[in-house]
Amino acid sequence: MQELIGKIDQKRTEYLNHRGNDPQLRKWLKDSDLWHWLYTVMRLTGKPVSRRQIIDLLGGALDENLPLNVYEFVHGCAAVHKDMEASIQMQADPDVRMLLRWYEMAFGKEGAFRRNNPVVYQWNFVPPHFYDVKDMTDALLRRHASHHAQPDPVERALDLALGLLRIYPFGDETLVMAWFLILYELTEASVPMPSLKLGEQEFNDLIGRCISKNTKSPFDELFENAVLERLDSVISVCRQAAEVE
């Protein structure tokens, strides 16, 4: 895995060197992170939409083939993305209050920890008692604050996301909240957000194996390869933009 992380670090440096200061390119790069994030999250939650549909929805279009709650969710997540940018400018580490704020923006209801003890059948997993989830979530975020626990941004993002999935603090909405942590960490580190082409069942099988074996492999390898692929893509876009200039 360290070989992949080394490649990501090299590609990230190359990307930053080619990114330039063109405001239109910078906006496209920022917006495309949200497109890729939404494309992945919608697939993993069993509500797949195309990238074209996502771009159209964010542009204000209404697609009569999509439920209204998809439209609301997409725009709620766009609001979260803007909130992340402001928090990153203030150099804030994710905390419980931030997660609850994102929850309310994304789902249109007050952010709250679960108040039951479910069995997560899709992962063959019994999460911690609901009495403990707030403190466990707070401890997870504090452990990773200021980048001390894991200095590499991709590894840190995966550690945070899988840590949150194991706590399962928000019930069925935990997957989206975990993916918010990934988006935050990568955006803060100027690592372009990749998209995963897994379906819902494939992803659930993968996470189930990670939780049962208390490891983040092979999820980390899959994700890191997706980051490399995305870096190659944005580097190509940046080079083409430079040639046009």
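The values are calculated or read from the model by the stated rules, or taken from the named source; none is laboratory data. The model shown is predicted, which means the values in this text are computed figures rather than measured ones. Cβ sites come from the backbone with ideal geometry, for glycine too, and all protein chains shown count toward neighbours. All accessible areas refer to the heavy atoms of the entire protein, side chains included, with ligands and DNA or RNA removed. Shrake-Rupley method; radii C 1.70, N 1.55, O 1.52, S 1.80 Å.
Is it fair to say residue 95 is in contact with a helix residue (DSSP H, G or I) (Cβ under 7 Å, 6 or more places away or on another chain) and without any contact (Cβ under 8 Å) to a residue 12 or more places away in the chain?
Answer is no for this residue.
Go through segment 29-55 and give me each residue that's over 18 Å from the mean Cα position of the chain (by Cα) and either buried (at least 16 other Cβ atoms within 10 Å of the Cβ) or among the hydrophobic types (A, V, I, L, M, F, W, C) (or both).
The answer is 53, and nothing else.
I'm trying to understand the selection: among the residues of segment 138-153, which are of a type in the set (A, V, I, L, M, F, W, C), modelled with pLDDT under 95 and not in a loop (DSSP other than H, G, I, E, B)? Full working, then the answer.
As a first pass, look at segment 138-153 and keep what is of a type in the set (A, V, I, L, M, F, W, C): 139-141, 145, 149.
Restricting the remaining residues to those that are modelled with pLDDT under 95 gives 145, 149.
Scanning segment 138-153 gives a single hit, 145.
Out of 166, 230, which single residue is surrounded by 15 or more Cβ atoms within 10 Å (Cβ to Cβ), of a type in the set (D, E, K, R) and more than 21 Å from residue 100 (Cα to Cα)?
Within the list 166, 230, the selection yields 230.
Residue by residue, here is whether (1) among the hydrophobic types (A, V, I, L, M, F, W, C); (2) more than 25 Å from residue 107 (Cα to Cα) holds:
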position: 156; (1), (2): no, yes
position: 171; (1), (2): no, no
position: 206; (1), (2): yes, yes
position: 212; (1), (2): no, yes
position: 221; (1), (2): no, yes
position: 232; (1), (2): no, yes
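When residue 109 is evaluated against the numbered criteria (1) over 24 Å from residue 26 (Cα atoms); (2) touching a helix residue (DSSP H, G or I) at 6+ places or on another chain (Cβ under 6 Å); (3) part of a loop (DSSP other than H, G, I, E, B), which criterion, by number, is the only one it fails?
Among (1) over 24 Å from residue 26 (Cα atoms); (2) touching a helix residue (DSSP H, G or I) at 6+ places or on another chain (Cβ under 6 Å); (3) part of a loop (DSSP other than H, G, I, E, B), residue 109 violates only (2).
Quick one: in segment 183-227, of everything that is within 17 Å of residue 33 (Cβ to Cβ) and among the aromatic types (Phe, Trp, Tyr), which residue is surrounded by the fewest Cβ atoms within 10 Å (Cβ to Cβ)?
Out of the qualifying residues, it is 223.
Determine which member of the set 79, 61 is touching a helix residue (DSSP H, G or I) at 6+ places or on another chain (Cβ under 6 Å) and farther than 26 Å from residue 15 by Cβ.
Details: 61 fails: touching a helix residue (DSSP H, G or I) at 6+ places or on another chain (Cβ under 6 Å).
Just one listed residue meets the conditions, 79.
For segment 1-57: of the residues being in a helix (DSSP H, G or I) and hydroxyl-bearing (Ser, Thr, Tyr), which is nearest to residue 223 (Cα to Cα)?
Looking at the filtered set, the residue picked out is 40.
Which residue, of 64, 72, 104, is surrounded by fewer than 19 Cβ atoms within 10 Å (Cβ to Cβ), modelled with pLDDT of 95 or more and over 19 Å from residue 194 (Cβ atoms)?
On the way: 64 fails: modelled with pLDDT of 95 or more; 72 fails: modelled with pLDDT of 95 or more.
Going through 64, 72, 104 in turn, just one is surrounded by fewer than 19 Cβ atoms within 10 Å (Cβ to Cβ), modelled with pLDDT of 95 or more and over 19 Å from residue 194 (Cβ atoms): 104.
Looking only at segment 122-178, count how many residues are touching a residue at least 24 places away in the same chain (Cβ under 8 Å) and among the small types (Gly, Ala, Ser).
4
Under 7 Å by Cβ, and 6 or more places apart or on different chains, what pairs join a residue from segment 50-71 that is at negative phi with one that is open to solvent by 70 Å² or more (accessible area, probe 1.4 Å)?
From segment 50-71, the pairs are 70/47; 71/62.
Being modelled with pLDDT of 95 or more and part of a helix (DSSP H, G or I): is that true of residue 222 here?
The answer is no for residue 222.
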